[in-house]
Each structure stands twice: as structure tokens, then as C-alpha cells.
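These notes concern the structure reproduced below.
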Amino acid sequence: MLPQLIIITGLSGAGISSAMNVYEDMGYFCVDNLPVQLIPSFVQLFERKESGITRAALGVNIREGEFLKRFPQMYAKLRGRADLETTVIFLEASDAALQRRYSETRRPHPIGEGTVLEAIREERTRLSPIRALADIVIDTSDHTVHTLRTYLKKRFASDNTEGATQITVMSFGYKHGVPIDADIMLDVRFLPNPHFVPELKEFTGNDQPVITFLENSQEVGETIARFNALVDYLIPLYQREGKSYVTIAVGCTGGKHRSVYSANELGKHLNRQGYHAHVMHRDVKK
């Protein structure tokens, strides 16, 4: 297995430090707030067998002009190395979510120009070229520290087979907003809704009464079969393009019943097909 280097960057307040804590818990060697110009020196540690470092995560702030100029070229060199697997994760959140977080912490925005909203938008503009380079973009607007931890652990657990495409199947509720980091989005709002069955309303798609209700619907079974066929066709195409991570989002109105059941079924199908699929339910407890 090649040494792994995870570079975590993104918007201030989007959760970079929280993500670094997750990687530290997973056994990665972590360095936060590393200046961009020191990354090549740090990478040399991978070339020293005596260092014992095979997995590292770097938290990098790339908002200043000189750093922004250097990073794309440096990243291209890292990606060109055959002896190192490098992944860049870009964390972002909506303007409203970032404003709320700054209001709660009462910390100044690092750009410090004008209002907090103006600073957020200025940083978003500055970092747009870096976002375009990222292998993975994660919108943390609807994530708590706990759900972000779960999400990252499922995507980067150490027991993933080398070279395998890691697939995340995420259920969500449209009324809570769509996950913008999805590669494939499936809408199941047309299926029979357990929410309107009084004895099922308080259950979720993880519970047997709802599962039985949906399994008894012919159109649910047909829809799941067609979704399975669709992803069976699409995943190899993503692999052909060299995509290491694929996120499939399955949405219903509230994110508690139909999408949860459908995501579970899709995840089971993908695992039976030999993929490494992890299922998460973003809105099931909302």
C-alpha cells in the first residue's frame, strides 16, 4: 500500500480543525496550519523508512496570495509521484452557516476585511481555484462535529482495500437542503410515504415496520431494481475516469423513511457486487 497524504483545506470556519482531529483519531500523523512552502519538506518524511510514517494529514490554510500561487504547482508535483497517494479535501459551507458559526464563537474572520459576510465571500472567491483542484469537496453546512466525524471515518477507514473505489450512499431530506458533494443524486419522493401512515410516522426507514411497508410496494421494488442497475452501469465509468470516491445521495422529503430504506438497499446491493459502500443517514434524526 502506498503512503497516504491527505491535505485538508477550505473556508475558514468550515471544519478543518475538526477534520484534523478525526484523522488523528484514525492514526494519521497530523500537522495543522502547515505553511504551503513547507509541504515538500514534510513529504520527505515519507521517503525515510525510519520515520515510520505511512499516513499523514495536513491542515493547510491557503488564503494568502503567495500561497495561492504556489499550491497548484506543488500539488501537481505531488500527484505526479508514483510512490505517494495524495488526496486534497476542500471543506466549505454556506454563507449562512459560516456566519452562524462566527456569531456563536465570536471570533473574527482571518481575512478581517469589512463585515463577516464580506470576508466569507472574499475568501470563497480567493479559494475557488483551490476548490477546483480538490479531489473531494465536502459541504459541512448541515454537519455537526459528530456527523462530520462519522462521514470522514466511513470514507477513509484504514480497512479499505487498496485501489478500490470508496462509495458513500447518503440519505437526505430535500427540506433540509441537497448535499452538493453528491456525484449521483436519486429522488424517491414519488414512492409511497410512510409519514402519512399514522402507525409508521414515528419510525424510520431503519425500522422493520417501515421496511415491511415499503417492501410490500411493487413500485418500490421496481425502483430499487432500476437504481441498482443504474449504479452498476455508472460506477465502472467513474472508475475508468480514475475517481477514487463516489457519493450517491438518495433523497425524500424529510430524510427519515423512503430515502433511508432506499439508501440501505442500495448500499447492500453495492457491497454484494464487491464494492466498498458505506451508508450514512444525514437527516434521519432531524
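Consider region 107-150. How many of its residues are farther than 21 Å from residue 72 by Cβ and touching a strand residue (DSSP E or B) at 6+ places or on another chain (Cβ under 7 Å)?
Selection size over region 107-150: 3.
Which is more than 22 Å from residue 68 (Cα to Cα) and modelled with pLDDT of 80 or more, of 131, 149, 124, 155?
When all the criteria are applied, what remains is 149.
Name the residue that is farthest from residue 258 (Cα to Cα), counting only residues in region 193-208 that are loosely packed, with under 14 Cβ neighbours inside 10 Å and in contact with a helix residue (DSSP H, G or I) (Cβ under 8 Å, 6 or more places away or on another chain).
199
List, please: which pairs have Cβ atoms under 9 Å, are six or more places apart or on different chains, and start with a residue in region 22-35 that is among the charged types (D, E, K, R) and end with one that is in a helix (DSSP H, G or I)?
Here the result reads 25/149; 25/153; 32/16; 32/17; 32/20, each pair linking region 22-35 to a residue that is in a helix (DSSP H, G or I).
Quick check on my filter: what residues within region 79-91 are aliphatic (A, V, I, L, M) and surrounded by fewer than 18 Cβ atoms within 10 Å (Cβ to Cβ)?
Selection gives 82, 84.
Listed residues 115, 125, 144, 150; which is more than 30 Å from residue 49 (Cα to Cα), touching a residue at least 60 places away in the same chain (Cβ under 8 Å) and surrounded by fewer than 18 Cβ atoms within 10 Å (Cβ to Cβ)?
When all the criteria are applied, what remains is 150.
Taking residue 271, is it surrounded by fewer than 21 Cβ atoms within 10 Å (Cβ to Cβ) and either modelled with pLDDT under 95 or within 21 Å of the chain's Cα centre (by Cα) (or both)?
So residue 271 fits the description; yes.
Please note which helices (runs of 4 or more DSSP H) are completely contained in region 170-286 and include at least 3 residues that are under 30 Å from residue 96 (Cβ atoms).
258-272
Looking at residue 235, is it more than 26 Å from the chain's Cα centre (by Cα) and outside the structural domain of residue 23 (by TED's automatic domain parsing)?
No; evaluated as a whole, the condition is false for this residue.
Considering every residue within region 215-238, establish whether at least one is within 30 Å of residue 80 (Cβ to Cβ), in contact (Cβ under 8 Å) with a residue 40 or more places away in the chain and among the β-branched types (Val, Ile, Thr).
Looking through region 215-238, at least one residue is within 30 Å of residue 80 (Cβ to Cβ), in contact (Cβ under 8 Å) with a residue 40 or more places away in the chain and among the β-branched types (Val, Ile, Thr).
Kindly list the number of the only condition in (1) touching a strand residue (DSSP E or B) at 6+ places or on another chain (Cβ under 8 Å); (2) among the β-branched types (Val, Ile, Thr); (3) assigned by TED's automatic domain parsing to the domain that holds residue 55 that fails for residue 180.
Residue 180 satisfies all of (1) touching a strand residue (DSSP E or B) at 6+ places or on another chain (Cβ under 8 Å); (2) among the β-branched types (Val, Ile, Thr); (3) assigned by TED's automatic domain parsing to the domain that holds residue 55 except (3).
Examine region 98-110 for a residue that is over 24 Å from residue 170 (Cβ atoms), acidic (Asp, Glu) and part of a helix (DSSP H, G or I), and state whether such a residue exists.
Among the residues of region 98-110, at least one is over 24 Å from residue 170 (Cβ atoms), acidic (Asp, Glu) and part of a helix (DSSP H, G or I), which makes the answer yes.
How about region 1-95: which helices (runs of 4 or more DSSP H) wholly inside it have at least 3 residues that are modelled with pLDDT of 85 or more and closer than 17 Å to residue 129 by Cβ?
In region 1-95, 65-79 are the helices (runs of 4 or more DSSP H) which contain 3 or more residues that are modelled with pLDDT of 85 or more and closer than 17 Å to residue 129 by Cβ.
Does residue 220 count as of a type in the set (A, V, I, L, M, F, W, C), at pLDDT 95 or above, in contact with a Phe, Trp or Tyr (Cβ under 9 Å, 6 or more places away or on another chain) and surrounded by 21 or more Cβ atoms within 10 Å (Cβ to Cβ)?
No, not satisfied.
Taking the stated definitions as given, is residue 255 surrounded by 13 or more Cβ atoms within 10 Å (Cβ to Cβ), on the phi > 0 side of the Ramachandran plot, modelled with pLDDT of 95 or more and in contact with a strand residue (DSSP E or B) (Cβ under 9 Å, 6 or more places away or on another chain)?
yes
The values are calculated or read from the model by the stated rules, or taken from the named source; none is laboratory data. None of the values given here were measured: they were computed from a predicted structure. No Cβ is skipped: glycine too gets one built from the backbone with ideal geometry, and neighbour counts run over all protein chains shown.
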